[in-house]
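Colleague: After the structure tokens below, expect a handful of questions from me.
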Amino acid sequence: MKNDTLTLAIQKSGRLSEGSIKLLSQCGIRIQNGRNHLKAKAIGFPLELIFLRDDDIPQYVEDGVAAAGILGLNEVLEKNKKVSVIHSLGFSRCRLSVAVPKHIEYQGRKSLQNKRIATSYPALLKQFLKKHAISAEIHHISGSVEVTPGLGLADAIFEIVSSGGTLLGNGLKEVETVLESEAVMIARPDLPPAVESILEKLLFRIRSVQKASNNKYILLNAPKEKLDLIISLLPGIKSPTIMPLAMKGWYSLHSVVSEDDFWQVIDNLKEAGAEGILVVPIEKMIT
Ligand code: ATP
Ligand code: ZN
């Protein structure tokens, strides 16, 4: 492992690749040569990317070939390697669920007793069955798990679901959600201090990008007599910026509002007499 560079493993092609590259680019990190190579150097940041199948990333990180990696939490838990999950990245959200044919009358987990369950997550399925004292036959299949009940190869499946469209298309219904997953950053627990500090810098950028996408910049006009009330409704990073307008007795207020309580704040502001409310996205947020 080099000391002056952070080696980061990301998925070569699949449902995580676009999100991973987009996140890096939002952090100001561009890639020198394309994804057709095994490795690529970043421009403007001491980072080298390795493009791998997501299944292989935990092992490469455990072995120290890469210092860190981006992949789904589902795959990290399935592989159970000596790596630490250090940050949730908020994309490629999905869940790991049990599904059965639509016409089956599912009566809770006991319905899975002595059944054949197909999955590409045998370790996590084994854990789930053990936790609930269910004995069932695990069929480990690496792709197209959803078709197995229709072919008479399994009675149920344990698979990744996002919209549920694939399940529906195969005549299945989701009956148990076992794990909520999203892309995460993993790292080797004992990184050299120099590499650790590059990783910290990258995480600082990632957090700024995430904060920005969770917040909006808001501009509004308010008459002088309503200023105190309106200011009390604006959360802001510290306190809102207030600027006098050309029209006497009117002010422009600027602030930052979190996505979570956005509509409630807007409703309250309108009621309090705010006018000409403008909301704009924030690109980066350094606090
Ligand atoms: P690879 O060739 O790298 O092994 P793969 O076929 O195992 O790829 P993908 O289908 O690209 O994997 O999925 C990668 C990860 O993306 C999954 O492990 C999961 O975390 C997430 N994911 C899977 N399906 C979805 C989905 N429908 N929506 C969002 N995220 C998903
Ligand atoms: Zn995979």
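The values are calculated or read from the model by the stated rules, or taken from the named source; none is laboratory data. Quantities reported herein were computed from a predicted structural model and do not represent experimental measurements. Quick reminder, even Gly has a Cβ in these numbers, built from the backbone with ideal geometry, and neighbours come from all protein chains shown. With ligands, DNA and RNA removed, areas are computed over all heavy atoms of the protein, side chains included. Shrake-Rupley method; radii C 1.70, N 1.55, O 1.52, S 1.80 Å.
Colleague: Kindly report, to the nearest 10 Å², the accessible surface of ASP155 as traced by a 1.4 Å probe over protein heavy atoms only.
Modeller: Only protein atoms counted, so the area is about 50 Å².
Colleague: If you take the beta carbon distance between VAL280 and LYS173 as r and set R0 to 45 Å, what does 1/(1 + (r/R0)^6) give as a FRET efficiency, to the nearest 0.05?
Modeller: Numbers: r = 42 Å, r/R0 = 0.94.
FRET efficiency, VAL280 to LYS173: 0.60.
Colleague: Where the centre of each part is set by its Cα atoms, how far does the stretch 144-179 sit from the stretch 46-100, in angstrom?
Modeller: A separation of 23 Å, based on Cα centres.
Colleague: Helix 122-131 versus the longest principal axis of the chain: what is the Cα-based angle in degrees, 0 to 90, to the nearest 10?
Modeller: Relative to the chain, helix 122-131 is tipped by roughly 90 degrees.
Colleague: A further question follows. Could you report the chain's accessible area per residue, 1.4 Å probe, as an integer in Å²?
Modeller: Here the per-residue accessible area is 54 Å².
Colleague: Taking 7 Å along the Cα-to-C-beta vector as the label spot, tell me the SER84-GLU180 distance in nanometres, rounded to one decimal.
Modeller: A separation of 2.4 nm, rounded to one decimal place.
Colleague: Compare PRO101, PRO240, PRO58 in a GNM of the chain, Cα atoms joined below 10 Å, and give the one with the largest fluctuation.
Modeller: PRO240
Colleague: Oh, and also: In nm, to one decimal, how far is the SER258 label point from the GLN113 one, both placed 7 Å along Cα→Cβ?
Modeller: Placing both labels 7 Å along Cα→Cβ, they lie 4.6 nm apart.
Colleague: Of LYS79/LYS131; LYS12/LYS130; LYS115/LYS173, which sit over 28 Å apart, Cα to Cα?
Modeller: LYS12/LYS130
Colleague: Here is a follow-up. GLU105 to ASP63: FRET efficiency via 1/(1 + (r/R0)^6), r the Cβ-Cβ distance, R0 41 Å, to the nearest 0.05? Mind dumping the intermediate values first?
Modeller: Details: r = 47 Å, r/R0 = 1.16.
Calculated transfer efficiency: 0.30.
Colleague: Taking a 1.4 Å probe, which of LYS41, LYS22 shows the most accessible area, and what order do the others take after it?
Modeller: Highest to lowest solvent-accessible surface, that is LYS22, LYS41.
Colleague: Specify whether the C-alpha gyration tensor of the chain places it in the rounded, prolate or oblate class, a ≥ b ≥ c being the square roots of the eigenvalues: rounded for a/c under 1.5, otherwise prolate if a/b is larger than b/c and oblate if not.
Modeller: It is oblate, given that a/c is not under 1.5 and a/b is not larger than b/c.
Colleague: Could you compute how much accessible surface ARG109 exposes when probed at 1.4 Å, giving the result in Å² to the nearest 10?
Modeller: It works out to around 100 Å².
Colleague: Here's a follow-up. Which percent of the accessible heavy-atom area of the chain goes to carbon and sulfur, probe 1.4 angstrom?
Modeller: 51 percent
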